[in-house]
Amino acid sequence: MKHSRLLLLSLISSLFVILVSLFQWDLVDIITEFLMLPIWLFVYAFFIIMTIWTLIHLFKKRKWQPFVIQLITISLWFLFPFNQVNLDLNFKIHQDKREEVATKIENGVIKPNVSDSPSLIQLPKKYTQLSKGGGDIVVETKGKAKSILFFTYRGMLDNFSGFVYNPNDNKPSKSDFNGDFKQIKKVHKNWYYVSSY
């Protein structure tokens, strides 16, 4: 294989790994985990094959650039917090609109609207992008206080994660929203990130 073609394929395989690592949960939301599996298999198999090929090329032709690209990508994949960057971007981009929804819920403008679940709200179309998995949010009431969960990942059964808004800045408990939270982290005043997986 020509060096220039190998270099290009090395860049492409690395770019695929970086993009999938950064946007995998957005893709899962669009196409589901089942359809994401072949994409993961293709991207990582392609990357592994290219890494082996660039290593062979390094020993045979003493051309190091393609292999260095693969090593940099491997280092990034293990050391760079792709998921955290994606979550931070998601929070910052949607924070104002989520707070707008929370205010409308507190004022009774938006109310639970799913007949078989009194705590579930299907957001109006202009807000559906604020909560993954179909634009649903969950409202949990304790006394007069309401907490609102916007999903960042809505998995199967008990596996989910999201941002919880609490107007009194009360930290969610481990079992709120019928979850078994493994992670509860404050991200901003009145906002917490929760994860049950």
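Taking the conditions (1) free of Cβ contacts under 8 Å to residues at least 24 places away in the same chain; (2) surrounded by 12 or more Cβ atoms within 10 Å (Cβ to Cβ); (3) over 24 Å from Ser196 (Cβ atoms) in turn, Leu123 satisfies each one other than (3). Set side by side, the residues Gln183, Gln95 differ, and just one is more than 24 Å from Phe34 (Cβ to Cβ), among the polar types (S, T, N, Q), touching a Ser or Thr at 6+ places or on another chain (Cβ under 6 Å) and surrounded by fewer than 19 Cβ atoms within 10 Å (Cβ to Cβ), which is Gln183.
Working carefully through the options Val139, Val68, find the one that is assigned by TED's automatic domain parsing to the domain that holds Thr54 and either charged (D, E, K, R) or at pLDDT 90 or above (or both). Matching residue, one of Val139, Val68: Val68. Here is a check on your reading of the model: is Ser161 crowded, with 20+ Cβ neighbours inside 10 Å, in contact with a strand residue (DSSP E or B) (Cβ under 8 Å, 6 or more places away or on another chain) and touching a residue at least 24 places away in the same chain (Cβ under 8 Å)? The answer is yes for Ser161. Close contacts from segment 12-34, counting a first residue that is within 13 Å of Tyr153 (Cβ to Cβ) and a second that is among the aromatic types (Phe, Trp, Tyr) and modelled with pLDDT under 95, with Cβ to Cβ under 6 Å and a gap of 6+ residues or different chains, come to Trp25/Tyr153.
Being under 21 Å from Ser195 (Cα atoms) and of a type in the set (Gly, Ala, Ser): is that true of Ser21 here? In short, yes. Taking segment 154-173 as the search range and keeping residues that are of a type outside the set (A, V, I, L, M, F, W, C), at pLDDT 90 or above and in a strand (DSSP E or B), which one is farthest from Glu33 (Cα to Cα)? For segment 154-173, the residue satisfying everything is Tyr165. Only residues that are in contact with a strand residue (DSSP E or B) (Cβ under 8 Å, 6 or more places away or on another chain), within 21 Å of Ile121 (Cβ to Cβ) and not in a strand (DSSP E or B) were counted across segment 174-196, and they come to 6. Only residues that are under 14 Å from Gly155 (Cβ atoms) and either in contact (Cβ under 8 Å) with a residue 24 or more places away in the chain or in contact with a Leu (Cβ under 6 Å, 6 or more places away or on another chain) (or both) were counted in segment 173-192, giving 1.
The values are calculated or read from the model by the stated rules, or taken from the named source; none is laboratory data. Quick caveat: nothing in here was measured; it's all calculated off a predicted structure. Reconstructed Cβ throughout: ideal geometry from the backbone, glycine too, with neighbour counts over all protein chains shown.
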